[in-house]
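> Take this structure first; my questions come after.
Bear in mind that the values in this text are calculations on the coordinates, not laboratory data. All of these numbers come straight from a predicted model, not from anything done at the bench. All Cβ positions, glycine included, derive from the backbone under ideal geometry; neighbour counts span all protein chains shown.
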Amino acid sequence: MFAKNSSFIDFQSAQIQNIEELFSFSESLKKQQRPPRNKGEYAILAFFEASTRTRLSFEAALARAGIAAIVFDGGLNTSLEKGETIQDSILNMAAMNPRLMIVRCGQQVQLDTFANDSIFPVLNAGWGIHSHPSQALLDLFTLKQKWGSLRGKKLLIIGDVKHSRVASSHLQIGKILGLEIAQCGPKDYLRNRSEVQTFDDLGQGLVWADAIMALRFQFERHSGQQNFNKEEFRKQFGINANSLARMKSDTWVLHPGPINHGIEIESEVLGDARCLVMNQVNNGVYIREALVRMTLGEKP
Ligand code: CP
């Protein structure tokens, strides 16, 4: 895991030591610049879905590592407009012989198969509802900086947990690192209760949690069967000043972004000292730089 030329799609083969090594490398990169590699290597960022944080922080990470970034951004002015498939687009980019590829795509792409067959490493930058592992890493790195140790800590994920690839990755990595994870939200948007501890009442979840993570509603992934009432959701599950008052005084607030103000979280929460949203974004650069450098064979 995170070894030279290995792809990174999910946490299936991860061990606690791999994650701790990556966290410690990210910490050292954040404190002190490593020399860029400057070997004329380039990465292709193949982004078939919109992104701000993930794409730009991977670009920043590549710049810090001295790897040129070639960006395929969403498909506007590309041959997707002429009917080329996503699969063909990926294969054509792969034929340009990058040192690595960083891919964001939907369910229709078999990203795991592509990574297995690829002669260069492939990093997952968000794959359908399957996984967004670099996001889970940067979230937990951010909490580790506050707590020291993650083991035994309680993370409450609130909102559209069912359609969230961030939640999928947290459920995977949480098991490895010994975190307790629970969900809270409207029942149509939650995962199976046998899979994850569930709070029907937000107040009870807030008292239980050492950190909470509000999620955006993934409207683009809904089947149309769900009955979403924004005002009802905001009243029952939205995070606001009252939620902050109900939490323990040392409970942290996370959001992977992008934020829909006034739905899952109120703007007033973002200014609170316990809100770590911008720390998450900042740490994303170093987590992704560590991922890139370790994938290219650097030792922490
Ligand atoms: N958290 C996250 O994946 O944000 P972007 O969609 O902006 O990359």
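> What three numbers, in Å, describe the spread of the alpha carbons of region 15-152 along their principal axes, ordered from the longest?
51, 36, 27
> For a quick check, take a GNM of the chain with Cα springs below 10 Å and name the residue from 83, 106, 128 with the largest mean-square fluctuation.
Comparing 83, 106, 128 in the GNM, the peak value goes to 83.
> In 5 Å bins starting at zero, report the fraction of Cα pairs in region 176-300 per bin as a rounded %.
Histogram of Cα-Cα distances, whole percents per bin: 2, 9, 17, 20, 19, 14, 10, 6, 3, 1, 0.
> In nm, to one decimal, how far is the residue 68 label point from the residue 299 one, both placed 7 Å along Cα→Cβ?
With each label point 7 Å from Cα toward Cβ, the separation is 3.1 nm.
> Still on this structure, I have one more. Relative to the compact globular guide of 2.2 N^0.38 Å, what is the alpha carbon radius of gyration of the chain, as a ratio? Intermediate results must be reported in sequence, preceding the final value.
Numbers: Rg = 19.1 Å, N = 300, 2.2 N^0.38 = 19.2 Å.
Computed over Cα atoms of the chain, the ratio equals 0.99.
> Run the numbers for residue 204 and residue 1: contour at 0.36 nm per residue of separation, minus the present Cα-Cα distance, in nm.
Numbers: separation 203, 0.36 × 203 = 73.08 nm, distance 3.71 nm.
So the chain would gain 69.4 nm between residue 204 and residue 1.
> Ok, one more. So for region 135-183, what are the equivalent ellipsoid semi-axes in whole Å, largest first, each being the square root of 5 times an eigenvalue of the Cα gyration tensor?
Values: eigenvalues 63, 23, 18 Å².
So the three semi-axes of region 135-183 are 18, 11, 10 Å.
> How long is the gain from residue 86 to residue 176 if the chain were fully straight, where each residue apart is worth 0.36 nm and the alpha carbon distance is subtracted? Intermediate values should be presented prior to the final figure.
On the way: separation 90, 0.36 × 90 = 32.40 nm, distance 3.30 nm.
In short, 29.1 nm is gained.
> Something else now. What spacing in nm lies between the two simple spin-label points modelled at residue 229 and residue 117, each 7 Å away from Cα in the Cβ direction?
4.8
> Against the 2.2 N^0.38 Å scaling, with N counting residues, where does region 151-240 land? I'd like the Cα-based Rg ratio to two decimal places.
On the way: Rg = 12.6 Å, N = 90, 2.2 N^0.38 = 12.2 Å.
Working it through for region 151-240, the quotient is 1.04.
> Contact order normalised by length for the chain, with contacts defined as Cα pairs under 8 Å and 6 or more residues apart; what percent is it? Intermediate results must be reported in sequence, preceding the final value.
On the way: 528 pairs, mean separation 67.7, N = 300.
Contact order relative to length: 23 percent.
> Scale the Cα Rg of region 1-88 by the rule-of-thumb value 2.2 N^0.38 Å and send over the ratio, two decimals. Spell out each step's value before the answer.
Values: Rg = 15.9 Å, N = 88, 2.2 N^0.38 = 12.1 Å.
My calculation over the Cα atoms of region 1-88 gives 1.32.
> As a test of the formula, what do you get for the chain when each DSSP H run with n ≥ 4 contributes -39,500 (n - 2.57) and the sum is divided by the residue count, at 222 nm and rounded to the nearest 500 deg cm²/dmol? Provide the component values of the computation, followed by the final result.
Details: 11 runs with 117 residues, N = 300.
The helix-only estimate for the chain comes to -11500 deg cm²/dmol at 222 nm.
> Rank the residues 131, 149, 57 as a footprinting-exposure proxy: fewest other Cβ atoms within 10 Å of their Cβ go first. Intermediate results must be reported in sequence, preceding the final value.
Values: 131 27, 149 10, 57 23.
By the 10 Å Cβ count, ascending: 149, 57, 131.
> On to the next question. Relative contact order (percent) for region 88-187, with alpha-carbon contacts under 8 angstrom and 6 or more residues of separation?
Values: 124 pairs, mean separation 23.6, N = 100.
After rounding, I find 24 percent.
> Right, next: Please report the equivalent ellipsoid semi-axes of region 104-254, computed as sqrt(5 x eigenvalue) of the Cα gyration tensor, largest first, in whole Å. Working shown, then result.
On the way: eigenvalues 146, 87, 28 Å².
Ellipsoid semi-axes (Å, largest first): 27, 21, 12.
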